[in-house]
Structure formats: structure tokens, C-alpha cells
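The values are calculated or read from the model by the stated rules, or taken from the named source; none is laboratory data. The model shown is predicted, which means the values in this text are computed figures rather than measured ones. Note that each Cβ is placed from the backbone with ideal geometry, even for glycine, and that neighbours are counted across all protein chains shown. SASA here: full protein model, heavy atoms, side chains in, ligands and nucleic acids out. Shrake-Rupley method; radii C 1.70, N 1.55, O 1.52, S 1.80 Å.
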Amino acid sequence: MKINKNFLDLEESYLFSTVNKKTREFIASHPEADVIKLSIGDVTKPLCPAVIDAMHKAVDEMADEKTFRGYPPEQGYDFVRQKILENDYLARGIDLQLDEIFLSDGAKSDCGNIGDIFAADNTVAICDPVYPVYIDTNIMNGRKDKIMLMNCTEETGFLPEVPAAASKAPDIIYLCFPNNPTGAVASMEYLKKWVDYANAHHSLILYDSAYEAFITDPAIPKSIYEIDGAKTCAIELRSFSKTAGFTGVRCGYTVVPHKLVFDGTELNKLWFRRQSTKFNGVSYITQKAAEAVYSAEGQKQIQQNLSFYRENAKLIFEGVKAAGFKAFGGEHSPYVWLKIPQGFTSWSFFDELLAKCNVVGTPGSGFGKMGEGYLRLTGFGSRERTIEAIERIKKTFGK
Ligand code: PLP
């Protein structure tokens, strides 16, 4: 028996384990310290009442022989896909078909699994810094030497640059907006450049819009399909995790338009084959929960939570600016990307912030080489603790 050696090419992921270990050690040696975590990439507000009610009802249905449900359809029940179609797409002028939507247990699985339907010798363009799943899953699929990193720097507004016409085009391009970790967002004009580029070179864009619900400016696209021509070049990945607090419930979806044809084959067909073979669907209870997100009460309630996180991010952004730091993101995003002062690395500043303010961030270098020199702070904490953390940062670092 031989193992899949591609796994040996993966770098150990020390980021969150090291953050937790260092925090634990600090607390152990400073038991009096009141440590505040602005490193949390997870929601903290409970599920909204509309969702909870729907889940309770679904549980009762499962208890009765007449309404009990067994295996769900692999792509998701029509009742929830219809809601997605109408609310997330038709309402924004995007016309999709029901069978172009694939419900799943979250965007992480889809980001990783989608690689199954592409050949191992495709070249892959991925941003640096980035959500680590894109790189790691491509390495697992044997594409280690096929990864082309796109530097996202302050100079480019943390947006990857569309490659020059003369260079060899990547086969697959990962884009994520609003971005984790930088909080950068993409305008219509900017995304149009990528869509035109992908269509001209017959490249495929994998568009991760897990944080689209944080966008408040109507001029900023929430979906790549708001751009003309995207249906022939882009797959979109979405999640209920940050939108509706489903990080523990688990539900997301991926859109694969029929117009995506590569090597003479519809990607929709391949993804359907992959999902119906390796995935047995999202639980009925979870799908009823997802459906409830689209009810009038559900929409109102999730917006309250989203506003709360957005306001936290804004307070952090303004607070660190007032303390004299340069910062990015914090708008249309739960993430603030803090530029750390000269003389520190991401990790040494992490230590400094923990020691001086008892505040935990996430070192930018953990998201890639270009993240060195930055620290990610998040708006997912409580208001009181967020304000307290900002006050400490202002007091310690403010002029
Ligand atoms: N995509 C990005 C950019 C993320 O940051 C995350 C989670 O943090 C995900 C996808 C995963 O979302 P899910 O909880 O739906 O698996």
C-alpha cells in the first residue's frame, strides 16, 4: 500500500494552533490578564429565531412516520434552491436554473472538492495572502508545481492584477471577495477585467463569495454573475456560515452554470456526477433552516447580526487608525487588515499586542508570504470586548 505522496508536499499549518498555543501559554503565565480575542474567524451570535423555529419544526417532522424524510436529493431540495435562485440571483437580475445550484455542507468542502473535476496538470492562479484551503487542496490534487501565486499588496489595493496579455494564462483562477484575510472588495469594473480575461483565454474562475452578505454598497457586486460573460467562465461558491451564523450547522452552495463547457464537457455534469457519487446531501433539518434564512423575519434577523459584526469591524478599523496604524478592510467585510509598525514581524507584533494590550490577533504571515507585516483583526467578538480591546490599543500605541 502506498500513500498519496501529494499530502507530504503540504506545509504544516501552524497558524491557528500556534495562535491558540501562544495565547494559552500567555494566560498560564499571566493568570491576572484579561485576554480579548480579536482573532476569531467564527461567528459568535446564536442562530436567529426564524431559523431556530424552522429547525424545531423540521425535527418534529422527522419524529413522525408521515413526514419523516430519509436521504435528501444530493443537490438539495427544490424548496431551498428555489429560494436561493429567487433571492440571491433573480432579485439581482441574474437568471439561473435550479439544476445549476448545488447545496452542500459548506463552502470549505466545495472549495476543496471542486478540484476533483479538473485535470492534475492545470495551472492554478491563487492570491497571496489567501484563505489556505485553495493552496492545500490543489497540492493534495497533485498541482503543487502548477500553482502561480498572485501577490496582493498595498500597492494593488490587495487585489490581484489581471495578468499581462503576453504571459501564459492560468487554467484556473481563484478569486475571493470580500476577501479573507485582507477585507478587500472588488468593483464591477475590476471583476469585468477578470471575466473578459478568463473568457479570452478559456480559463475558469472559482469565485468564493462566502462574505458577500457583508457588502452594503449596491454598486459592489455580490455575485460574479452580475458581470456580463461570467456564466461561461465562472463557478461561484457561497456559504450560510457568515451570512446566517451556520458555521456549526453547516450549509453552503455552489453554482455551476450549464454554459461552462471545457474540453467539450459541461462542468455542471461533472460536478453533479462528483457530488452524487461522493456526497449524500444536506440534512433536511439544515435545509429547512437555510430556507428560513430567506423568510421575511429571517432576513430581518440575520441583517441585525450582520450589522452588529460590521459595526464591530468599523469600530476596530477606526480605533486602530486613531491609534496611528495604517489599516485596510473593515467595510463590507468582518476583517480589518492592520499594517504593523516597522521593526516588527507579523509574529513579533502578535506577541507585542498580546503582552502589552492582552489582545489576540492573527498574524498575516500565516496567510502567505505577502501577509508578512500585517495582522488580521475580526469583528466577530462582543461589542463590549471589542471596544475594550480598541481602548487598550489606543492607550498603548496612540501618540
Ligand atoms: N471561504 C472563505 C474565504 C472562508 O473564509 C471560509 C471560512 O472561514 C470559507 C470559505 C468556509 O466556509 P464554510 O463554513 O461554508 O465551510
With a 10 Å radius around each residue's Cβ, average the other Cβ atoms per peptide and rank 131-138, 197-204, highest first.
-> 131-138, 197-204
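Counting only other residues whose beta carbon sits under 11 Å from that of residue 277, what net charge do I get with K and R as +1, D and E as -1? It would help to have the intermediate numbers written out before the result.
Values: positive: 273, 274, 278; negative: 74, 116.
Around residue 277, the charge tally is +1.
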For region 142-150, take each phi angle, set θ = phi - 60°, evaluate the Karplus expression 6.51 cos²θ - 1.76 cosθ + 1.60, and give the result in whole Hz per residue in order, putting x for glycine and proline.
-> x, 9, 3, 7, 9, 7, 10, 7, 10
Cα Rg over Rh - region 50-295, Kirkwood = 0.97
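After finding the eigenvalues of the alpha carbon gyration tensor for region 96-187, what semi-axes result from the square roots of 5 times each, listed largest first in whole Å?
So the equivalent ellipsoid measures 22, 18, 14 Å along its semi-axes.
Show me the three semi-axes of the equivalent ellipsoid for region 255-295, from the C-alpha gyration tensor (sqrt of 5 times each eigenvalue), largest first, rounded to whole Å. Before the final figure, lay out the partial values.
Values: eigenvalues 152, 41, 3 Å².
Sorted largest first and rounded, they come to 28, 14, 4 Å.
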Within straight-line cross-link reach of residue 314, aspartates and glutamates at Cα separation under 12 Å, skipping those fewer than 8 residues along the same chain | 331
Given 5 Å bins starting at zero, what is the percent of C-alpha pairs of region 1-116 in each, up to the one with the largest pair distance?
-> 2, 7, 8, 12, 14, 12, 11, 12, 11, 7, 3, 1
May I ask you to derive the FRET efficiency for residue 97 and residue 228 from their Cβ-Cβ distance with R0 = 22 Å, giving the value to the nearest 0.05?
-> 0.75
Amide H neighbours of residue 208 under 5 Å, counting only residues 5+ apart in sequence or on other chains, H built in-plane at 1.01 Å?
-> 175, 176, 177, 237
What FRET efficiency do you get for residue 155 and residue 61 if R0 is 35 Å and r is their Cβ-Cβ distance, rounded to the nearest 0.05?
-> 0.05
Hey, what's the Cα Rg ratio for region 173-234 versus the globular rule of thumb, 2.2 N^0.38 Å?
-> 1.04
Given a cut-off of under 8 Å on Cα pairs at least six residues apart, what relative contact order in percent is computed for region 283-399?
-> 27 percent
Accessible area in the full protein assembly, largest first, 1.4 Å probe, for 273, 143, 383 | 273, 383, 143
For the peptides 327-335, 246-254, 389-397, what is the packing order when you average, over each peptide's residues, the other Cβ atoms within 10 Å and list the highest mean first?
-> 327-335, 246-254, 389-397
Over region 215-315, the quotient of the Cα radius of gyration and 2.2 N^0.38 Å is 1.30
Using the structure shown, select from 278/369; 45/369; 5/278; 356/399; 144/168 the pairs with a Cα to Cα distance greater than 27 angstrom.
-> 278/369; 45/369
Relative contact order of the chain, pairs being alpha-carbon contacts under 8 Å that are 6 or more residues apart, as % | 23 percent
Per residue of the chain, what 222 nm ellipticity follows from adding -39500 (n - 2.57) for every DSSP H run with n ≥ 4, rounded to the nearest 500?
-> -11500 deg cm²/dmol
Separation of the residue 339 and residue 201 label points, Cα + 7 Å toward Cβ, nm = 2.9 nm
In Å, what Rg and Dmax follow from the Cα atoms of region 138-280?
-> 15.6, 46
If the chain between residue 52 and residue 383 were fully stretched, how many nm would it gain, using 0.36 nm times the residue separation less the Cα-Cα distance?
-> 116.8 nm
